[in-house]
Amino acid sequence: MRKIYIFDTTLRDGEQSPGVNLNTQEKVEIAQQLEKLAVDRIEAGFPAASPGDLAAVNAVAKAVRNATVIGLARSRHQDIDAAREALKDAQDPCLHLFLATSPIHRQHKLRMDKQQVLETAEAAIKYARKYFPKVEFSPEDAGRTELDFLCEVTEMAIRAGATVVNIPDTVGYMTPLEFGNIFKTLRENVPGIEKIQLSAHCHDDLGLATANALAAIMNGADQIEGTINGIGERAGNTSLEEVALALETRQHLFQAKTGLVLTEIARTSRLVSRLTGMVVPGNKAIVGANAFAHESGIHQDGMLKEKSTYEIISPETIGLKESKLVLGKHSGRHAFREKLIDLGYELSEEQVNLAFAKFKELADKKKDVSDEDIRALIEEKLVAIPEAFTLETIQVSYGNQSVPTATVRLQSLEGTLHEEAALGNGSVDAIYNAIDKATGEKVELDDYSIKSVTHGKDALGEVHVVLLQDGISVSGRGVSTDILEASARAYVDAVNRLIDKRKSGAGRRDNVSLI
Ligand code: KIV
Ligand code: ZN
């Protein structure tokens, strides 16, 4: 079996998804989970984009012990120097350099001819190799680059000292036959190709990212780049969990496998979804809520007779377990702690106490507390951000013939109570207007979504909001059996993140484009 290296770019290309803006703590938490998943390489960000991005890459570099930590840079000294600073504490650092090579990008974006592209990239790779033992070079928009020029660029990159050459289908334009052929051509024609690793980086604009990545593997790619849940620019990147499961399920066909700990996939997917606020569609392959649900009578009958009739992957493979122990209001601290261990949480004593108190509150309102409820409850507050405001009380008056009114009471960090009332177009609008008055923050609600954590009338509601203020975007999440309270919690959570982000100087990018 050939080993396929996994390069995770959830924290860089994934974070380029619209509305996603992870803070440093959240990036570190995801990086630590990626280590549990055993990805080989973690692209932590684009250090030259802003001081906040540089600091976040540095924090990830300090936290990660086993995986290679990578910073992205354009082919210029100032970006390479920013990445040097960001990665100075990494155990195993790597620089990811890129420069566009396709005719469209050369002509319209770079205004460079082929020779200038070759010379600029070569100078950048040579400069980078003075400081980094590992340098990956990406000819951006390789998919639409003339194949003979791509061979020339790859040969130059190898001579200049690149250790990995990555082939990006930047705009998701390729089909599997074409993309596979690029790898075959490079392997057969470029002198010295055996000295480096060849990598594939696909985007999903035509829904072909995973298929293209697999075609690359069949034609000699050593590394696949992608993200958890397939998040990323526009339609996203290759879903790493899809590639890993395709190789696992069709071993005889591919004769290749990743080193991923597959049972960590479900947990990693949930974490990324929660922290980015990007909800995983129910029908998403591998990690969607319906990926293992069998609805039709014929399928259910088949499953009962013999699972392999309709199931090619078992839920246990990705770490989904059927719960044996359902908790309720009579469950004690011991059972609760056992459940946390069973669900894979390693919490401090203080966190367990907090979670237990919230569990008891919920059990009073809900007969059976499911695993999903417990996850939703404790994950709401796992990444501790300083809370400038906490929600104390909320009261709403609503009638279909009257204007909704809300009163909220918030407590600030110094202990001052801020009570305000406001009207609104609807109950949630009234609550948000009252919170705005109480916090004094001028924010714009950019997105609001609500989902139920489990089924039934007493299910927990989970609200996700995205707020904007002066070019900074933050997300917030709130959970409660009451959707108005969940809405208020999510909003206050986002305001707290905004205040934290403003203080730390993160979040605002110096409008750096990828050119
Ligand atoms: O899609 C792309 O081309 C990229 C490069 C920076 C590798 O993300
Ligand atoms: Zn990309």
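The values are calculated or read from the model by the stated rules, or taken from the named source; none is laboratory data. Treat the numbers as computed from the prediction; the structure is a model and nothing was measured. Backbone-built Cβ (ideal geometry, glycine too); neighbour counts: all protein chains shown. Only protein heavy atoms, including side chains, enter the accessible area calculation; ligands, DNA and RNA are left aside. Shrake-Rupley method; radii C 1.70, N 1.55, O 1.52, S 1.80 Å.
Just one of (1) over 28 Å from the mean Cα position of the chain (by Cα); (2) within 16 Å of ligand 2 (Cβ to nearest atom) fails for E152. It is (2).
Being of a type in the set (D, E, K, R), open to solvent by 30 Å² or more (accessible area, probe 1.4 Å) and modelled with pLDDT of 95 or more narrows it down to one residue among K437, K503, K457, K451; which is it? That would be K437, the only listed residue that is of a type in the set (D, E, K, R), open to solvent by 30 Å² or more (accessible area, probe 1.4 Å) and modelled with pLDDT of 95 or more.
Which of the residues that make up the range 238-257 are assigned to a helix (DSSP H, G or I) and under 18 Å from the mean Cα position of the chain (by Cα)? Those that are assigned to a helix (DSSP H, G or I) and under 18 Å from the mean Cα position of the chain (by Cα): L240, E241, E242, V243, A244. If you check A215, A200 for being crowded, with 24+ Cβ neighbours inside 10 Å, outside any loop (DSSP other than H, G, I, E, B) and away from ligand 1 (no atom under 15 Å from the Cβ), only one passes: A215.
Within the range 219-229, identify whether any single residue is within 16 Å of ligand 2 (Cβ to nearest atom), among the small types (G, A, S) and in contact with a strand residue (DSSP E or B) (Cβ under 7 Å, 6 or more places away or on another chain), and answer yes or no. Within the range 219-229, one or more residues are within 16 Å of ligand 2 (Cβ to nearest atom), among the small types (G, A, S) and in contact with a strand residue (DSSP E or B) (Cβ under 7 Å, 6 or more places away or on another chain). L260 fulfils the conditions (1) part of a helix (DSSP H, G or I); (2) of a type in the set (A, V, I, L, M); (3) crowded, with 17+ Cβ neighbours inside 10 Å except for a single criterion, (1).
Considering the range 132-161 alone, what residues qualify as being over 28 Å from A86 (Cβ atoms), outside any helix (DSSP H, G or I) and either outside the structural domain of L87 (by TED's automatic domain parsing) or of a type outside the set (V, I, T) (or both)? Steps first, answer last, please.
We begin by selecting, within the range 132-161, every residue over 28 Å from A86 (Cβ atoms); these are 143-152, 155.
Of the ones still in play, those that are also outside any helix (DSSP H, G or I) are 145-146.
Selection gives E146 alone.
A Cβ distance below 6 Å, combined with a sequence gap of six or more or placement on separate chains, defines the contacts here; from the range 383-405, residues that are farther than 24 Å from L498 by Cβ and at pLDDT 90 or above reach residues that are open to solvent by 30 Å² or more (accessible area, probe 1.4 Å) and in a loop (DSSP other than H, G, I, E, B) in the pairs P404/Y398.
Would you be able to tell me the number of residues in the range 275-322 that are in contact with a His (Cβ under 6 Å, 6 or more places away or on another chain) and closer than 29 Å to P18 by Cβ? Walk me through how you get there before you give the answer.
If we filter the range 275-322 for residues that are in contact with a His (Cβ under 6 Å, 6 or more places away or on another chain), which is where we start, we get 277, 300, 303, 310.
So of that shortlist, the ones also closer than 29 Å to P18 by Cβ come out as 277.
So the count comes out to 1.
One residue stands out among those in the range 45-103 that are polar (S, T, N, Q) and within 15 Å of ligand 1 (Cβ to nearest atom): the one that is farthest from D141 (Cα to Cα), which is S75.
The number of residues in the range 1-51 that are open to solvent by 10 Å² or more (accessible area, probe 1.4 Å), at pLDDT 95 or above and within 13 Å of ligand 2 (Cβ to nearest atom) comes to 2.
Which one of these is of a type in the set (K, R) and either crowded, with 20+ Cβ neighbours inside 10 Å or within 13 Å of ligand 1 (Cβ to nearest atom) (or both): R144, R159?
Numbers: R159 fails: either crowded, with 20+ Cβ neighbours inside 10 Å or within 13 Å of ligand 1 (Cβ to nearest atom) (or both).
Step by step, each of R144, R159 is checked, and only R144 is of a type in the set (K, R) and either crowded, with 20+ Cβ neighbours inside 10 Å or within 13 Å of ligand 1 (Cβ to nearest atom) (or both).
When restricted to residues that are touching a helix residue (DSSP H, G or I) at 6+ places or on another chain (Cβ under 6 Å) and either assigned to a helix (DSSP H, G or I) or surrounded by fewer than 19 Cβ atoms within 10 Å (Cβ to Cβ) (or both), the range 162-184 contains 5.
Could you list, in sequence order, the residues of the range 222-232 that are more than 14 Å from ligand 1 (Cβ to nearest atom) and either more than 16 Å from the chain's Cα centre (by Cα) or aliphatic (A, V, I, L, M) (or both)?
The first filter runs over the range 222-232 and keeps only residues more than 14 Å from ligand 1 (Cβ to nearest atom), leaving 222, 228-229.
The answer is D222, I228.
Candidates in the range 233-257 are the residues that are open to solvent by 30 Å² or more (accessible area, probe 1.4 Å), in contact (Cβ under 8 Å) with a residue 12 or more places away in the chain and out of contact with any helix residue (DSSP H, G or I) (no Cβ under 6 Å at 6 or more places or on another chain); of these, the one that is farthest from ligand 1 (Cβ to nearest atom) is Q251.
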